[in-house]
Amino acid sequence: MKKRIGDIAVPAHSDASRRARAIVIGLAIALVAAATISLLLGRYPINPMEAAAMLIDKVVPLDPTWTDQQQRMFFNVRLPRILLALMVGCCLAVAGAAYQGTFQNPLVSPDILGASQGAAFGAAVAILLGVSSLTTSVFAFGFALFTVLLVLLISARARGNHMMVVVLSGVMVSSLFQAGVSYAKLVADPTDELADITYWLMGSLTGASMDKIAMVFPIMLVGCVVLFALRWRINILTMGDDEAATMGVNAKRTRIVVIIAATLITASSVCVTGMIGWVGLVIPHLCRMLVGADYRRLIPASMLMGATFLLIVDDIARLATTAEIPIGILTAFVGAPFFLYLITRRKKI
């Protein structure tokens, strides 16, 4: 359909495309603003000039106008936490969007294949063994990948609708590992191990460090780049395998690549922060309301909005009360009511 402007016929969808691009640019600006403000917020405030000077000092040495305590707090606590919030928010949101398109199901979230429960079981085992925080993240990442691999192996041997079998296998395997986590809590020492397991399950960015960022950043980068590069193919996957075949796209192979990429970034996110829910379910829906269902716009919009959302929620978690609130609790408080609003709206999304 076209509309006429003077003597020129203009595609009717061009206005929507320009609007979507403008929204994506606006989300990018909002992300930069939120990150800048977050660097200055905290129980030990740092003014903008000091923050900028400390960052520049890493490239060009300057005469310090800040204290050693401010520098340690800025680079060892606040900056790693902000970077990790941006990375995890981006990954969970884009993984949720990719899963929803691949499985053609708007209720799918990044933990649909059991990655979160597998990571929780791995972390619980590591805590019981008394290993370091970094080793706990490695355990969680390994078990998350093992869980998804187990789901895919089971679904490959089952009969029936393949996509439905994959989802059901994910639910069953998740329940199995959830039982494992419950048993780990049962045998854990109530004085310390049980508290550590429970706190990990609630999700938090308290343990953010440059070592953890260095461990997961390459995985997150590769996974996000793959999903971004395949965003137009995900559009075709939403049409069904037959339609994809007529357009020259190998639906099965593309789906496997998307699942692998989304699983890697989900596992790498959960292993360093614990279980943070709702981001991968709610953010893609909100982005669809803003930019439409075209994955060429939806993928970048989900990345930007997910990163900004988790960063703002983490700011609230660390500043709202004297005792820090686990971020998984806050995302549930925000995500659940919003999703109820979405599913009760009369307008079709």
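Things worth noting here:
- A search for C-beta distances below 6 Å between a residue of segment 189-206 that is closer than 16 Å to F121 by Cα and any residue that is of a type outside the set (V, I, T) and not in a helix (DSSP H, G or I), counting only pairs 6+ apart in sequence or on different chains, returns L194/A188; I197/A188; W200/G274; L201/M275; M202/P326; G203/G274; G203/M275; G203/P326.
- Test: residue in segment 210-224 that is at positive phi, in contact with a helix residue (DSSP H, G or I) (Cβ under 6 Å, 6 or more places away or on another chain) and either in a helix (DSSP H, G or I) or surrounded by 17 or more Cβ atoms within 10 Å (Cβ to Cβ) (or both): no
- Residue tally, condition within 28 Å of T322 (Cβ to Cβ) and not polar (S, T, N, Q), over segment 11-48: 13
- Taken over segment 38-74, the residue count meeting the criterion of being touching a residue at least 40 places away in the same chain (Cβ under 8 Å) and either assigned to a helix (DSSP H, G or I) or β-branched (V, I, T) (or both) is 2.
- Some residue of segment 285-300 being open to solvent by 60 Å² or more (accessible area, probe 1.4 Å), aliphatic (A, V, I, L, M), at pLDDT below 95 and not in a helix (DSSP H, G or I): yes
- Residue match in segment 93-105 (condition: open to solvent by 60 Å² or more (accessible area, probe 1.4 Å) and modelled with pLDDT under 90): yes
- Test: residue in segment 305-328 that is acidic (D, E) and modelled with pLDDT under 90: yes
- The residues of segment 137-157 that are loosely packed, with under 14 Cβ neighbours inside 10 Å, over 22 Å from C271 (Cβ atoms) and not basic (K, R) amount to a single one, A156.
The values are calculated or read from the model by the stated rules, or taken from the named source; none is laboratory data. The structure displayed is predicted, hence computed values, not measured ones. Heads up, the Cβs are rebuilt from the backbone with ideal geometry, glycines too, and the neighbour counts pull from every protein chain shown. Just so you know, the surface numbers come from the protein's heavy atoms only, side chains and all, with ligands and any DNA or RNA stripped out. Shrake-Rupley method; radii C 1.70, N 1.55, O 1.52, S 1.80 Å.
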